[in-house]
Structure formats: structure tokens, C-alpha cells
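Quick notes on the structure that follows.
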Amino acid sequence: MFKNYIKIAIRNLLKNKAYSLINILGLSIGLATSLLILLYVVNEWSYDLFHSKSERLFRVVQTMESETNVEEDATTPFLLGPVLDAEFPDLIEKSVRFYNLQENSHTFRNKQKGVSFKESNFYFVDSTFFSVFSAELLRGSPTEVLKNPGSLVISEELSEKYFGNEDPVGKILNYKGVIDFTVTGVMKPWPDRSHMEVDLIASFSSLNQIYSADQEYDQNWLWNPIWTYLLLEEGIDATDLEAQLSAVEENYFYAYSGWPVGETISLSLQPISDIHLYSDLNQEMEVNSSDLYLYILLVVAGFILIIACINFMNLSTARSLERSREVGMRKVLGGYRKQLFYQFIGESFLICLIAIVIGLLLVFASLPYFGEMVGIELSLNLFSHFAIIPGLLLLTVFVGLFAGSYPAIYLSSFEPVDVLKGSAVQGKKSALFRKMLVTFQFTLSIVLIIGTAVIYKQIQFIQNKDLGFDESSVVLLPTKQNLVAWEFETFKEKVLSFSQIESITGLSKIIGSEKQENYHVVPEKFGESNDELNLAFHTTHDLVETFDLKLIAGRSFSKDFATDAEQAVLINRKMLEKLELNNPDEALGEVFYFYPKDGGRKAKSVIGVLEDFNYASLKKEIEPLTISLVEGTIPFLGYIEHTAVEIAPGNPKEALAHIEKVWKEVNPIDPFEFQFLDDRLAQIYETEKTMSTLSLAFSILCILIASLGLLGLASYSAQLKEKEIGIRKSLGASVTDIVKLLSKDFLTLIAIANLIAWPLTYIIAQNWLENFPYRFDITFTLPIIFIGSGIFIMIIALATISYHALKAALVNPVDAIQNN
Amino acid sequence: MIKLRNIDRYIDKRLQRNFILKGIDLDIAEGDFISIMGPSGAGKSTLLNIIGFLDDANEGEYYFLDEPVHGLNEKQKSEYHRSYIGFVFQAYHLIDELTVYENIEMPLLYRKVKGSQRKSMVADMLDRFNIVAKKDLFPNQLSGGQQQLVGVARALIGSPKLILADEPTGNLHSDQSKEIMETFKKLNKEDGVTIIQVTHSDEMASYGDRIINLQDGAVTENNPYEEE
Ligand SMILES: Nc1ncnc2c1ncn2[C@@H]1O[C@H](COP(=O)(O)OP(=O)(O)O)[C@@H](O)[C@H]1O
Ligand SMILES: [Mg+2]
């Protein structure tokens, strides 16, 4: 019987090649798209699961809180790892510390060959590394390679880079001219799906070649430059350990002699597999991701699969007439309704199976392009995990059931008498249901199109929005506590000596970027007891010049006033409003009390008022702001993290070469690294940009699949109306009349779909746009987008339908009538 | 074997009730060969469908092998279709996507007959109707008469005890018609198969033992030949 089912299924597929193609192609595209999305989502979800002990692996993180500031760090003090090991031997199997000297760039040199490179993925790690993480060694033994000071393990790739084909083990790599490391092992490449990248690791004990023993660098409980990972004992719950951590906070952190009064510390554990999607702390090893967009993508994948399934349902039920005799006869010959249901469900499984094979081919073909779109290298190996093939089969069965159930129920319900009489098998009910499904499909398509348009429009708006400062031609240099910070005035003078350099200033945070800091700053006007936080920005001279900020009252900081650093403050218009002053000039002389980190209180009076500018990203509203001047090396080290250099417009190469030259003179240790401010600001909207590319791609696919379905239905309805068309034509109907006759129904459905989609997308768009304080004018633009996408989808649908309508209209009427 | 009592079949249309069959009483014994005659639209097909469980009466009682039919569930009805009743239709109603061989084989599949046995049974049928050469052709590659032979073969392969044939020869030449009637007659006489056929032709009707005349949904004349 099974053979009989297969035979008849295949013969039916071959009999109506065009329909089969539409059906299978639609499903294939839908499945391929969903698989791609699934691949991406699974990839994101499976970060750090490759560690065989990932369930027991945690990272210790800390939150330091003062009255004015909350600092959540991914890093902890030096001694935390060993202390935890010693305090909780029953809970913790092993700990591993990571340390990168707080630098992102490390120079290694193979002196023998005379090659040197900068590496960013280098860490000093404890010798427990290989027994905690699942890293494989190609050379060397896991217990030996990190045992001694001066040992270095490098990745296979780096081995080739530094040593070519030679065996690197036993060879020397020089680190920054300071340490001669001996290579003791070679690692397999570290998997991409990790929140960290590791290319080189040195034994932690090597640090004693950098720090002298009397520095007691590792005794400081306030300095937290270390990533601490714990492997818990089997069967231990992380919350058990967490509950006992307060003892460590008490006995080590608070007990530390240098611990600042009023600061609180709290330690917590992060499962290693959660870091990539759920952790966004200071000092993350890499920029992490977020799971919000994953859920949106999954919903879109669902949409596309549903649209493809609806095609299947529609085409199968529309064409049920052709199978009705078979159903009737099978029942006459003793087939149960249940058997017929299984037969048709089986057929849809078969079609899904074909579709998934084609879909997989599409996935393989499009994977590189998709990977480029989402900025991740994705790969699919069907045999890499035992669950993949069963999973795909399960998906096939699921889609087969979803798409095939309704047609199977419908087809198997035919009664032999009705078939024998040839009476209306084409039920009104199924026609109505079909119309509803088509409407639903197009509603989803329109939602996606409008969504794409809205995202695109908003990104464009943000990119073109006037930020209130000039972000072009500004180069950022990291100056947090490095030699340039120590020698800032020299550096500044030397950089400015070149004609292409316009101005230079130090910044506490990058202007226009997301993260800004709150400080305890109180306007005198509001009384001293007021303990609210305000944004306080710190800068050196020439901020206003470098960013072309607009002064609306008073003056900017000036070298002519030696007291500016101690007594002067700039505010923005928002602060003016907060002070309930109307005229900017009235604000001049207003006093603010500052409570700096090192204690005490400073009174500063307003010397100037600036027009509002977006010092934080456009994802945040402008808030009242104070800007203080930092002068002298020690305050600079305390507050300033970046240097901004404005260069003359035009070719920046010479200017950059000059800055690099000066940098190397002032700071021979740190490599020269720079970033243009506009590039840096564009990064903030990276996720939104990826989303807009993805949603564009997916709405195109969505429309494609829905149009395929429409093509099938239109051809079917043209076929049904062949006779009617013939008669009408013989009565003198024009081609346009015929096209109208056939398109009318479908276009009505699409019009309804628009009417459903508009309010729906209005709500969704409004919700999404609420994330942005700065958004394009919805009231005016949204209706244009609505009507535009409505017309767009109408045109596509009309073009699809017209193909068949025209074909039907151009047939010789006599043929059509005779054929019936 | 078949006992119909006061069978009504009607269609309700708004305020009006249209009777297709009204007050049918009928007894058919095992081994009967019955021809139902009457003008087009008299309700012959409807009666045959009711007898074959393809349609249900609205009123009246129907006993099949002394069992009330309204008490049979879907599955029991299907069981009868599998092993007891064979149908032959005027429009043949072969399955277009299956070959001659496969069409004939179909009832055996539902009866779960084993492969080897199925093969020999289908081969016998092909032999019996002289269509061995056509076994791999599809229905639309055959003439009407050949298609009906396949239809009959399909009805007979399950060795039914009752054959219901609705104008089986309606679309055929007289030679072909005779061939099929001879087959029925032989089955009836030699194997004791009960046959109920609908026909417009007196000649075809005469192959049977008894004629039931149907007019406007009612039996007008039962068995005219015996009265003569
Ligand atoms: N489902 C139905 N709805 C309406 N009328 C029907 C239906 N089935 C049969 N009829 C009507 O019942 C009458 C008897 O039909 P049928 O049994 O096919 O007659 P016959 O086979 O004798 O030509 C016809 O007039 C037909 O139009
Ligand atoms: Mg009839």
C-alpha cells in the first residue's frame, strides 16, 4: 500500500509540474530562510557550550557601588581566584585567572626570523587553564605547558605566522622587548563561538618577570584587572556559592586597608554560556550581543514558514477537485477516512522532504552571504551534531503536519456520493478559508515591508540628525592612564605644531557615545542637602573649539583664567531649564557643588552656557549637563580617558602620520591606535543596521513566497474560469475586462490585508520607535510608508495575477468553450 | 439479504421537501440478479447508493444480512466495501494516476492481501478479461469498453458476494455490453453472487431474473416478467 501511495503522490507531482514547482519552491525558500535564521540563533545561543564542563563554569563579576556611582565590572582583583579556591575547597574544583596587562595590543617578536606582529588575544592564565576549558593541545601536555614562568602556548595559526613550517616548541618569542617566552605548546584554534578569543596564553607565573616582587601588585583589593573563572565541583549549585561570597567581601575587600569609605562591593557568578548574550559590563573581553533581536528573528522565521505553509494549504485545497475521484473510489473500495487522511498527510511529508533537501542546498549556497550580512562566519555541517539530521526530519514532519493537516482533513472528507454525482466538491467554505489565508499571508508580508521601511527610515534619520556638534574629521586616541596622559601638555603642543591639526582636547567619555557618567553635582539653588545625580563631563581646554559647540552665553574655559579648573563650570541649555531660568545670561554665576571621588566639596560657578548637543547617543534624551575643566597630570589621569584631535578636512593621511609620529615620541610603549569619531558613533547603531539589512532581505523573501502562492492560485482560478472567459470574450469583452475579472478578488483581499496591517504596524512601529528619543516624524511619514507599501504590494500582486489573466484572456474563445 | 422498508430519501429546499425516493419496500435474496429500470431522474442511482451504504435514507428501515444498517459505523461499512460489495459505475471511475494493473490491485491493498497472492490474483483477472497486454497502460489510454472491463475486474477481484452496477454498459457498444452481462450472469449462476444492476436497456435487463421499475422515487412494478 505504501508503494501505491508513493507512486500516486509522485505521479500527481509530475502531472502538474508548474504547481508542484510552486509548492516545493515556496516551501524550500521558506524552509531555507528559517534554517538560516535558526542557524544564526542557535549559533548565538551555543556560545561557550563547547567546553565539556560548561555547566560548571562561571565567571566571577563584581559591582562596586558608591553614593554617586555604580560600576559593574567583568573583572575582579588579583587574589580573588586563589582566595576563593582556599575558602571553598568543597565547592570549587579549580579557578583560572586571565590578565592582559589591561592592554588590547601586544607585540611579539621572533628575533631569529626578524618578524614581529601585534596580537590582541593574549592573556596570562593560571596553569589550570587546560583542565578547566576545553582547549586542545596539538603539541605539549596540558599539565606541563603552563607550569613554569616564561612558558607560552600559541595557536596553530600563530605558529605558522611566527615560525612558518618549523616546530615552534622550545623556540623563543619575545614579548614587548621585556620577556623572552619559550613556546611550550601549540593549541588548536579557539572556537568562534566563545565570548573570548584566545590566540596566545602565557603562564601566570611569568608576571613576576614584569612586576618586581616588592611591588605587591597582587595585594590590592581595589584594583580589579583580572577575569576570574571558576569550575565548580560536580553537583554544586552556583547559588550555594554565591550565598557564601559575602564572607569574602567582608574579609578581603572591606578589610583591605585602601578600601574607600562608603563603597560597597558585591560579587556574583555568571554562567559562562550566558556571557555572550546577557552580559554587558565594563571590561568585557569582547563586545557581547543581546538576545532581543534573536527573538525578533525567530518570529520572522515563523512568519516566513507560515506563509510558505499557507501556499501549500491553498494550492492543495484549490486543486482538490483533481483528487476527489480518487478519494471517492478509495472509499468505495473500502478505504477508511483515516487511511485517506494518512495518505494525504504522507504526501505532504514527501513534498516537505523534497523541499527540505532543496532548502538545504539553498542554505549551503547562501550561507556565506548571510554570514556576511549578520557579520558572523556561519557554517553548517549536517554531521557535526547527532541531533541535526533528526532535527531536520522533525522539522519536515512538523511542517508537513502544519501545512498538510488542513488539506488532508479537507480532501479525506469527500463523500463518494458527491464524487459520483460530480456535484459541488468545490466547497464554498474552503474557498472562503483560502481567501482568509491569502489575506493573512499578505498581511504578514505588508507588516514586514512596513517594518523594513520604518527601520530604514529611522536609521537614516539618526545618521543625518544634527548632533549639535561636529563629529567629522575628529580622531579619537585612547589615553586612559598611559604615557600620553602623563605628558598630555607636551603631546598636545607637539601635535598642534602641524598645520593640518586644528585643535585637540581631552574627554572623560566619548562625545556622542552611549556611556556617560553620573556624579554627585548639586546646584546651590536647590539647597545643599539635595543628593541627586547629574551628568558631569570632564574635559581639558579647547572642547568647544574641537567640536564646534555653540556658546549661547558667557565664555568657554580659557587659559587666561587660572582658576577655571577649580571654580568654573559650563552647563547646557537643559540645565538652564532645570534651574528654571529663561535667559542664558541669568545662569552665569550660578554655583554648583561638586563632590569629587577623593572626598571634599568644590564650589564652581557657571561661566558659560552651551546649546544642547547629543553628548550621549541618540538612543538617549539630552539631559542637564555640567562640564568641568581638568588641568594638571593627576586630575587628567583621574578623569580623562580619550583624546580628540580635530584635523583639517580633506586628506587625513598626513595629519594621522604626524599624530602617530608624536605618539611614538611621547609613548614608545603603547602602539598607536586611533578611530574616527563618526566611525565610532556609527558602531552604536550596528545592531539596528544589521536588523535593517536582515529585515529587507526577509521581506523580499516573504513577498517572493507569497507571490508564488498567488501565482498558483491565479493560474488555478484562470483555469476554472476558462469557459466563462471564453464566453465573455465571444460576447466582446476586452482583454482589460478579463484581467479585471480575474484580479478583482485577489486585489480586494490585498486591500483588506493592507487595512489589517496598517494599524498593526502602527502599534509595532510606535513601540519600537519609543526606544529612540529622536525619531522621524511619524504622523507625516508613516502614512506615506503605509500607502507606499500598499501600492507596492498591489503592483507586485497585479503583475503576478496579470500573467495568468493575460494568458487566459489571449486564448482563442472557441478553443476554451470547446475544451469544456 | 437486503430488506428495505418504507425508505424515504429527500432533499429539503427552503419550504419545500423534494423526495428522491418515497416509501420504497424491497426484498432481495442472496443469489438474486436484479435489474432496476426507470426513466432518468427516477432515483435509481440513489437507491443503489443507499443499498451500497454510500448514501443514507432519511426515513425507513434497511436491513443488510438481517442487521440494521443505521447501526453500522463507518468502519463496519468500509469492511463490507472491502470484502462483500463490489461497485461498477457507468463513468468507470478508475483512478487516472494508476495503471490498469494498479487499479485492479487497489481493493486487495485495502484488504491487506499479501504481495505474492495479490500478484497472482491480479494476473488471473487480467487473463479473465483479456487485458494482460494493457496492464501497464493508464485509463486515458484505453477505450471506454476496455476501461469498463477494468472497472468490472476491480469490482470482482475482491470476490464480492454482492455486485452493485449503476448503468455499467451505458457507455458501451452492444458487444462489449454483452460481454459484461455474460460475466455477471456467470458469476450469478456459478458463484451465487447477488447482482443488482441499473439499466435503461431491456436487453440488458433481461439477463437478470427480476426487474424493478422505479418511477418518481417509487416502485411501480415489481417483476413484470414473472407476471407474463
Ligand atoms: N444531492 C442532491 N441534491 C438535489 N437533488 C438531488 C441530489 N441527488 C439526487 N438528486 C435528484 O434526485 C433525482 C434522482 O437522481 P438519481 O438517483 O441520480 O436518478 P437516476 O439515477 O434514476 O437518473 C434527480 O432528479 C436528481 O436531480
Ligand atoms: Mg443514475
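The values are calculated or read from the model by the stated rules, or taken from the named source; none is laboratory data. Here the structure is a predicted model, which means the values were calculated and not measured. Virtual Cβ from ideal backbone geometry, glycine too; neighbours counted across all protein chains shown. For accessibility, only protein heavy atoms count, side chains too; no ligands or nucleic acids. Shrake-Rupley method; radii C 1.70, N 1.55, O 1.52, S 1.80 Å.
Just a few scattered comments:
- Options B:115, B:151; residue that is exposed (fewer than 14 other Cβ atoms within 10 Å of the Cβ), under 30 Å from residue A:338 (Cβ atoms) and within 14 Å of chain A (Cβ to nearest Cβ): B:115
- So residue B:98, is it away from ligand 2 (no atom under 16 Å from the Cβ), within 14 Å of another protein chain (Cβ to nearest Cβ) and free of Cβ contacts under 8 Å to residues at least 24 places away in the same chain: no
- The residues in region B:1-27 that are away from ligand 1 (no atom under 16 Å from the Cβ) and open to solvent by 30 Å² or more (accessible area, probe 1.4 Å) can be counted, and the count is 6.
- Taken over region B:50-77, the residue count meeting the criterion of being over 15 Å from residue B:28 (Cα atoms) and within 13 Å of ligand 1 (Cβ to nearest atom) is 5.
- Any chance residue A:165 is farther than 25 Å from residue A:273 by Cα and free of Cβ contacts under 8 Å to residues at least 12 places away in the same chain: yes
- When residues in region A:656-670 are screened for being touching a helix residue (DSSP H, G or I) at 6+ places or on another chain (Cβ under 9 Å), surrounded by 15 or more Cβ atoms within 10 Å (Cβ to Cβ) and either modelled with pLDDT under 80 or assigned to a helix (DSSP H, G or I) (or both), 6 of them pass.
- Residue check for residue A:327: out of contact with any Lys or Arg (no Cβ under 8 Å at 6 or more places or on another chain), crowded, with 17+ Cβ neighbours inside 10 Å and either within 14 Å of chain B (Cβ to nearest Cβ) or modelled with pLDDT of 90 or more (or both): yes
- Scanning region A:307-349 for residues that are within 16 Å of residue A:22 (Cβ to Cβ) and among the aliphatic types (A, V, I, L, M) returns A:307, A:308, A:310, A:313, A:315, A:318.
- Top-ranked residue in region B:189-216 [being hydroxyl-bearing (Ser, Thr, Tyr) and within 16 Å of ligand 1 (Cβ to nearest atom); ranked as least open to solvent (accessible area, probe 1.4 Å)]: B:199
- Condition met for residue B:132 (within 13 Å of chain A (Cβ to nearest Cβ) and either buried (at least 22 other Cβ atoms within 10 Å of the Cβ) or more than 26 Å from residue B:196 (Cα to Cα) (or both)): no
- Out of B:73, B:58, sole residue that is on the phi < 0 side of the Ramachandran plot, within 14 Å of chain A (Cβ to nearest Cβ), free of Cβ contacts under 8 Å to residues at least 12 places away in the same chain and surrounded by fewer than 21 Cβ atoms within 10 Å (Cβ to Cβ): B:73
- Subset of region A:608-637 [open to solvent by 30 Å² or more (accessible area, probe 1.4 Å) and more than 33 Å from the chain's Cα centre (by Cα)]: A:611, A:631, A:632, A:633, A:634, A:635
- Taken over region B:1-38, the criterion of being assigned to a loop (DSSP other than H, G, I, E, B) and closer than 25 Å to residue B:194 by Cβ is satisfied by B:1, B:29, B:30, B:31, B:32, B:38.
- The numbered conditions (1) more than 13 Å from ligand 2 (Cβ to nearest atom); (2) over 23 Å from residue B:202 (Cβ atoms); (3) surrounded by 15 or more Cβ atoms within 10 Å (Cβ to Cβ); (4) charged (D, E, K, R) are all true for residue B:30 except (3).
Okay, residues lined up against (1) farther than 26 Å from residue A:378 by Cα; (2) among the β-branched types (Val, Ile, Thr); (3) touching a residue at least 12 places away in the same chain (Cβ under 8 Å):
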position: A:13; (1), (2), (3): yes, no, yes
position: A:19; (1), (2), (3): yes, no, yes
position: A:35; (1), (2), (3): no, no, yes
position: A:39; (1), (2), (3): no, no, yes
position: A:42; (1), (2), (3): no, yes, no
position: A:47; (1), (2), (3): no, no, yes
position: A:56; (1), (2), (3): yes, no, yes
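- Restricting region A:400-423 to residues that are crowded, with 23+ Cβ neighbours inside 10 Å and over 19 Å from residue B:74 (Cα atoms), the residue that is farthest from ligand 1 (Cβ to nearest atom) is A:400.
- Helices (runs of 4 or more DSSP H) fully within region A:381-499 that include at least 2 residues being within 30 Å of residue A:696 (Cβ to Cβ) and not aliphatic (A, V, I, L, M): A:388-412, A:428-464.
- Verdict on residue B:111 being closer than 19 Å to residue A:327 by Cβ, of a type outside the set (Asp, Glu), away from ligand 1 (no atom under 14 Å from the Cβ) and in contact (Cβ under 8 Å) with a residue 40 or more places away in the chain: yes
- Qualifying residue in region A:111-128 (condition: open to solvent by less than 40 Å² (accessible area, probe 1.4 Å), of a type in the set (Asp, Glu) and under 30 Å from residue A:252 (Cα atoms)): yes
- Among (1) within 16 Å of ligand 2 (Cβ to nearest atom); (2) within 24 Å of residue B:83 (Cβ to Cβ), the one test that residue B:190 misses: (1)
- Considering residues of region B:33-51 that are within 13 Å of the chain's Cα centre (by Cα) and more than 14 Å from chain A (Cβ to nearest Cβ) only, the residue farthest from ligand 2 (Cβ to nearest atom): B:33
- Residue, most open to solvent (accessible area, probe 1.4 Å), within region A:331-385, restricted to residues that are within 14 Å of another protein chain (Cβ to nearest Cβ) and polar (S, T, N, Q): A:339
- Any hit, region A:462-471, residues being closer than 30 Å to residue A:348 by Cα and buried (at least 18 other Cβ atoms within 10 Å of the Cβ): no
- Verdict on residue B:146 being more than 14 Å from chain A (Cβ to nearest Cβ), within 26 Å of residue B:194 (Cα to Cα) and touching a residue at least 12 places away in the same chain (Cβ under 8 Å): yes
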